[in-house]
Amino acid sequence: MKKMKVLAAVIAMGLLAAGCGQSAEQETAPMESIEETAEQETIEIETEETEETTAQEENLPEETEEASEAKETQPAQTQQETGAQTEAQSAENEAAAGGYEDNFAVDSAAAAEFAGKIKTAVAEKNLEKLADLTAFPVYVGFKDGGTPVESRDEFLALGADKIFTQELVDSVAAADENALSPSMAGFVLSDGSKANIIFAVNEGELTIVGINY
């Protein structure tokens with residue numbers, strides 16, 4: 001009788017233990033499913049974010065290239081504009097200072113102005129005024145032979161009568177100072193005859209460089 005009771009108790013305990021094991025397994029299974037579901041949802045979210053980020057990155061290069069081209073174009077345009085402004089300013093400064101590079105850098109207005117000074121000195125037969133406009137040494141081509149005059153004093157020593165011949169006075173007076181054209185030799189002030197005065201750029205300034213008869 002006691003053996004039967006003990007056996008019955010053992011069986012009851014076994015059934016109870018089996019029941020608890022099944023409950024634990026049933027409770028554990030849903031938890032595992034929830035965790036798996038959560039992991040899947042996390043993976044899906046990360047995948048969507050990755051796709052959106054990739055799409056945004058694919059659009060960036062085009063905008064970046066356009067911005068780069070704009071940035072590259074602006075400096076080039078700025079350099080060109082700056083270069084043009086610098087050249088214009090240099091030309092203005094050169095003209096203002098009389099620092100001409102050569103005869104072809106002299107504009108018609110400047111040539112006409114200097115020619116007018118020569119015409120005034122010749123009309124007045126003012127040798128000192130003419131000497132002020134002359135660079136020495138200067139070539140003076142007299143009819144009986146040309147000679148280089150080395151200095152202002154030597155030029156003045158020739159005398160007004162010898163320099164201001166009637167032929168030279170008439171030729172210079174009839175010259176059109178507004179129609180002068182530059183050449184390698186300079187500007188020729190005359191009415192087309194052999195008697196003339198030549199002026200050109202000398203050390204950046206306009207000066208008389210030759211007188212011919």
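For the reader, a short list of remarks on this structure follows.
- Some residue of region 175-188 being open to solvent by 50 Å² or more (accessible area, probe 1.4 Å) and over 43 Å from the mean Cα position of the chain (by Cα): no
- Residues of region 120-157 satisfying the condition of being in contact with a helix residue (DSSP H, G or I) (Cβ under 9 Å, 6 or more places away or on another chain), surrounded by 15 or more Cβ atoms within 10 Å (Cβ to Cβ) and either touching a residue at least 24 places away in the same chain (Cβ under 8 Å) or at positive phi (or both): VAL122, LEU127, LEU130, ALA131, LEU133, THR134, VAL138, VAL140, PHE155, LEU156
- When residues of region 153-212 are limited to those that are in contact with a Ser or Thr (Cβ under 8 Å, 6 or more places away or on another chain) and aromatic (Phe, Trp, Tyr), the one nearest to THR120 (Cα to Cα): PHE199
- Residue count, region 87-119 (criterion: at pLDDT 95 or above and surrounded by 15 or more Cβ atoms within 10 Å (Cβ to Cβ)): 11
- Among (1) surrounded by 15 or more Cβ atoms within 10 Å (Cβ to Cβ); (2) of a type outside the set (Ser, Thr, Tyr); (3) touching a strand residue (DSSP E or B) at 6+ places or on another chain (Cβ under 9 Å), the one test that VAL169 misses: (3)
- Of all residues in region 97-117, those that are more than 10 Å from VAL201 (Cβ to Cβ) have Cβ atoms under 6 Å from Cβ atoms of residues that are modelled with pLDDT of 95 or more and open to solvent by 80 Å² or more (accessible area, probe 1.4 Å), 6 or more apart or on another chain, in ALA112/ASN178.
- Residues that are surrounded by fewer than 18 Cβ atoms within 10 Å (Cβ to Cβ), free of Cβ contacts under 8 Å to residues at least 60 places away in the same chain and of a type outside the set (Lys, Arg), drawn from region 191-212: ASP191, GLY192, SER193
The values are calculated or read from the model by the stated rules, or taken from the named source; none is laboratory data. Just so you know, these numbers come straight off a predicted model, no measurement behind them. Note that we place each Cβ from the backbone using ideal geometry, even for glycine, and neighbour counts take in every protein chain shown. For the accessible areas, the whole protein counts, side chains as well, though only heavy atoms, and no ligand, DNA or RNA atoms are used. Shrake-Rupley method; radii C 1.70, N 1.55, O 1.52, S 1.80 Å.
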